[in-house]
Structure formats: structure tokens, C-alpha cells
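The structure under discussion appears below in the form of C-alpha cells.
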Amino acid sequence: MADTTDLYDVLGVGRDASADEIKKAYRRLARDLHPDVNPDPETQERFKEVTAAYEILSDPEKRQRYDAGPDAFGGAGFGSFGDIFEAFFGAGMGGTSRGPRTRVRRGADSLVNLTLDLAEAAFGATKEISFDSAVVCEQCTGAGTAPGTFPETCGTCQGRGEVSQVQRSFLGQVMTTRPCPRCGGVGTVITRPCPGCGGDGRVEQRRTVTVKIPPGVEHGMRIRLSGEGEVGPGGGPQGDLYVQVVEREHDVFERDGDDLHCKVSLPMTAAALGTSLTLTTLDGEETIDIKPGTQSGEVIRLRARGVPHLRGVGRGDLHVHVEVRTPTHVDGEQERLLRDLAKLRGEEHPDGTSGSGGLFGKLRDVLGGR
């Protein structure tokens with residue numbers, strides 16, 4: 001419902017709007033809010049409100065009475081949109097008596113977190129989850145009454161579920177109808193409630209259900225199990241169970257959608273000369289060729305070694321990020337060999353300096369070498 005109780009604001013027109021302007025405003029709103037176009041419950045309530053406002057303002061006599069203000073109805077005022085409608089039609093927003101309501105109602109939905117490792121999320125799994133939920137009371141089988149007893153007709157509303165009240169106003173008697181305050185509109189009362197559930201027809205109990213995880217799910221996704229939620233009051237139908245995936249961090253791989261990323265560290269000699277290494281992927285061990293001259297920061301892509309796509313065929317890729325290690329300490333023989341290599345490659349003084357201030361001399365000083 002809108003916060004305003006002004007019917008002109010509900011339709012978005014001024015108080016001096018013509019009958020044609022009111023009709024156009026209603027048609028425009030009804031076209032956007034009609035349940036066939038927008039089934040959202042909140043939007044449907046808004047559609048009912050707009051329709052009710054139009055029914056009043058499109059009728060010259062009702063509009064004149066409304067424009068006269070609350071004084072025309074005994075000075076009681078309009079506390080809500082429902083009060084306005086009751087003043088004209090005498091029975092709430094629907095305008096008709098609904099009779100007693102059912103005590104049986106649908107249960108609430110439940111939400112349970114399920115922690116999975118990367119392989120389970122990638123390839124799917126079948127898991128059992130346990131959680132506390134409302135189930136049908138075994139003592140009364142959902143009736144809510146003590147053994148051998150039954151609900152009794154409400155003495156306040158005589159089983160109608162509603163009570164009516166007649167008020168006098170400037171225009172005569174106005175009758176309003178509301179749900180019975182004693183039975184809550186049900187029409188019956190439980191005088192001797194079940195000792196097991198206190199009259200609710202359900203109790204809390206630990207349940208275990210099996211859920212099938214499809215391949216490709218990721219952190220935060222929810223899987224719906226229809227009819228596996230809480231039992232409703234009075235033993236009503238169960239709501240739904242939503243299983244929310246919590247993906248555990250992996251020691252090696254970092255996930256980005258359906259792609260995986262990992263880092264391998266190579267000594268500078270292996271990066272320079274080329275080598276091969278064995279990497280354990282989600283599919284098992286796999287050999288990766290490192291080409292000679294590989295630089296730190298290069299990325300090797302292994303196609304279709306990532307996570308299967310949740311919807312559709314195929315898989316993401318595995319991206320292997322190469323990190324080249326530079327030695328932090330070299331002994332005398334190693335340093336001599338490195339200097340010989342640098343001399344052969346013309347890299348003795350790559351920064352333009354001479355003597356011990358060259359690259360290897362600076363590297364030795366920074367790293368604590370000789």
C-alpha cells in the first residue's frame with residue numbers, strides 16, 4: 001500500500017482533475033500494475049488501491065462525499081486507505097465478506113548453508129544436510145487440539161470469522177466488517193490445546209535431507225528444494241528449502257567465475273633454459289612445458305581445465321602464472337660462473353657503471369652477499 005490516504009495522490013491527479021483526466025490516469029496505471037503484467041504481490045496490492053480510488057473518484061456522488069472530508073462521516077477521520085474504502089463500501093478493501101479463514105497455512109521457507117570444497121562445487125556432489133525445522137506434531141497430527149477434543153465455534157463471531165459494527169454518520173448508518181479479534185478470523189477457537197505443540201499443530205525437530213549439487217555452482221548460489229521447508233501452522237503445506245553454497249578456499253587454485261588461477265615458482269636457470277613440471281589439476285597430474293626464456297609474470301593457459309559451466313556445455317580455463325625466482329645468495333663458484341655468463345652476454349655493466357658497482361655487485365650488497 002502507498003503511505004498516502006489521499007485518493008487523488010493515489011491516481012497522480014490534482015483535486016480539480018476532470019472525469020476524463022481521472023479515467024486516463026487510471027488506465028495508465030492499470031496498464032502498468034495489472035497482475036497479468038506484473039505478478040509481484042506488492043504491485044498487486046498497489047493495483048487494488050488504484051482501482052479502489054478510481055471507483056470512488058469516477059462516481060460523481062462518491063467523489064462529492066469524499067471531497068466533503070471526514071466530517072461527512074461523523075468526524076472520525078480516515079486513518080488509512082482501508083478506512084476510506086470502508087466508509088463507502090462498508091467491508092474493507094474487498095467490499096465483500098470473506099467468511100471464516102482457514103487455520104491451515106503454508107509454512108515458511110528455510111535457508112541452510114552448505115560448505116563445499118572446490119572439486120565438489122566444480123563437478124557436483126550429493127550431500128546430506130541436517131537442520132532444525134518445524135514438522136507436524138505427532139500427538140495431534142497438525143490439528144492443534146488435545147487428544148479427543150475438537151475446535152469449538154467462536155462465541156464472539158458465531159463461527160463467521162468476522163464481526164460487524166454499525167456507525168452513525170452524516171449520511172446515515174455505515175456498517176464496517178473486520179476479522180474477529182478472538183478467533184483471528186478462523187471462526188473456531190481451541191479451548192484445549194495439544195500439550196505437545198501448544199495448539200500450533202507443529203513442533204521443532206532435527207531433519208536430514210539429501211541435496212544434489214549440480215556441477216559448476218559457486219559461492220553464494222542458492223539451490224531450491226521445493227516443499228522441504230517448514231510445515232505451516234495447523235499442519236499446513238511445507239515451504240521451500242534454500243541451500244546456499246559456501247565454497248571453501250583452495251590451497252592452490254583461486255577461482256574467478258569458471259576460470260581457475262594458480263602460481264608456479266621457477267628458478268631463473270629453469271626459466272632461462274626451459275623445463276617441464278608436473279602440476280596437479282582438478283583432473284589429476286598434468287605436465288606443463290616451460291619454454292626457454294620464460295619471463296616472470298607470464299601466464300600459461302590450459303584450456304578446459306577450469307570449472308564446468310553451470311548452464312551449458314564446456315569448461316573454463318586454468319591460468320598458470322609463472323614467477324621466476326632470483327637467488328638471494330650465491331657462493332664463490334656460482335658468482336664466478338654468473339660473472340662469466342654476464343661477460344659472455346655483454347651484461348657486466350648493464351646500468352652503465354664500472355667496477356664493483358655493476359649489477360652483480362649491487363645485487364650482492366642488497367642481498368647481503370660477500
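The values are calculated or read from the model by the stated rules, or taken from the named source; none is laboratory data. These numbers come from a predicted model, not from an experiment. When we count neighbours, we look across all protein chains shown, and the Cβ atoms used for this are built from the backbone with ideal geometry, even at glycine.
From (1) under 30 Å from Ile288 (Cβ atoms); (2) modelled with pLDDT under 95; (3) surrounded by 13 or more Cβ atoms within 10 Å (Cβ to Cβ), pick out the condition that doesn't hold for Thr269.
Failed condition: (3).
Being assigned to a strand (DSSP E or B) and either aromatic (Phe, Trp, Tyr) or in contact with a Gly (Cβ under 9 Å, 6 or more places away or on another chain) (or both) narrows it down to one residue among Arg255, Arg224; which is it?
Unique residue meeting the criteria: Arg255.
List the pairs whose first member sits in region 116-142 and is in contact (Cβ under 8 Å) with a residue 12 or more places away in the chain, whose second member is part of a helix (DSSP H, G or I) and crowded, with 17+ Cβ neighbours inside 10 Å, and whose Cβ atoms are under 8 Å apart, counting only residues at least 6 apart or on separate chains?
Lys127/Glu120; Val136/Gly235; Cys137/Gly235; Thr141/Gly235; Gly142/Gly234; Gly142/Gly235
Quick one: would you say Thr141 is under 36 Å from the mean Cα position of the chain (by Cα), at pLDDT below 95, loosely packed, with under 14 Cβ neighbours inside 10 Å and in a loop (DSSP other than H, G, I, E, B)?
Considered against the rule, which asks whether it is under 36 Å from the mean Cα position of the chain (by Cα), at pLDDT below 95, loosely packed, with under 14 Cβ neighbours inside 10 Å and in a loop (DSSP other than H, G, I, E, B), Thr141 comes out as yes.
Please verify whether Arg311 is assigned by TED's automatic domain parsing to the domain that holds Asp258 and either in a helix (DSSP H, G or I) or at pLDDT below 90 (or both), treating the condition exactly as stated. Lay out the reasoning, then the answer.
On the way: assigned by TED's automatic domain parsing to the domain that holds Asp258: yes; either in a helix (DSSP H, G or I) or at pLDDT below 90 (or both): yes.
When the stated conditions are applied, Arg311 passes them.
What is the one condition in (1) farther than 17 Å from Pro267 by Cβ; (2) outside any helix (DSSP H, G or I) that Val322 does not satisfy?
Condition not satisfied by Val322: (1).
Within region 118-126, can one find any residue that is buried (at least 18 other Cβ atoms within 10 Å of the Cβ), of a type outside the set (S, T, N, Q) and part of a strand (DSSP E or B)?
No, every residue in region 118-126 fails to be buried (at least 18 other Cβ atoms within 10 Å of the Cβ), of a type outside the set (S, T, N, Q) and part of a strand (DSSP E or B).
Do we find that Ala108 is within 24 Å of the chain's Cα centre (by Cα), on the phi < 0 side of the Ramachandran plot, outside any strand (DSSP E or B) and of a type outside the set (Lys, Arg) in this structure?
Considered against the rule, which asks whether it is within 24 Å of the chain's Cα centre (by Cα), on the phi < 0 side of the Ramachandran plot, outside any strand (DSSP E or B) and of a type outside the set (Lys, Arg), Ala108 comes out as yes.
Anything in region 264-284 that is free of Cβ contacts under 8 Å to residues at least 24 places away in the same chain and farther than 14 Å from Val320 by Cα? List them, or say none.
Those that are free of Cβ contacts under 8 Å to residues at least 24 places away in the same chain and farther than 14 Å from Val320 by Cα: Thr269, Ala270, Ala272, Leu273, Gly274, Thr275, Asp283, Gly284.
Residues of region 119-149 being of a type in the set (Val, Ile, Thr) and out of contact with any Lys or Arg (no Cβ under 7 Å at 6 or more places or on another chain), which ones? Break it down into steps so the answer makes sense when it comes.
To start, the set of residues in region 119-149 that are of a type in the set (Val, Ile, Thr) comprises 126, 129, 135-136, 141, 145, 149.
Those that are of a type in the set (Val, Ile, Thr) and out of contact with any Lys or Arg (no Cβ under 7 Å at 6 or more places or on another chain): Ile129, Thr141.
Specify which of the listed residues (Asp32, Asp9, Asp20, Asp83) is part of a helix (DSSP H, G or I), at pLDDT below 75 and either in contact with a Lys or Arg (Cβ under 7 Å, 6 or more places away or on another chain) or not β-branched (Val, Ile, Thr) (or both).
Asp83
Please enumerate the residues belonging to region 254-277 that are within 12 Å of Asp317 (Cβ to Cβ) and over 27 Å from the mean Cα position of the chain (by Cα).
Across region 254-277, the qualifying residues are His261, Cys262.
Can we say Gln205 is more than 19 Å from Lys127 (Cβ to Cβ), assigned to a strand (DSSP E or B) and not hydrophobic (A, V, I, L, M, F, W, C)?
On the way: more than 19 Å from Lys127 (Cβ to Cβ): yes; assigned to a strand (DSSP E or B): yes; not hydrophobic (A, V, I, L, M, F, W, C): yes.
The answer is yes for Gln205.
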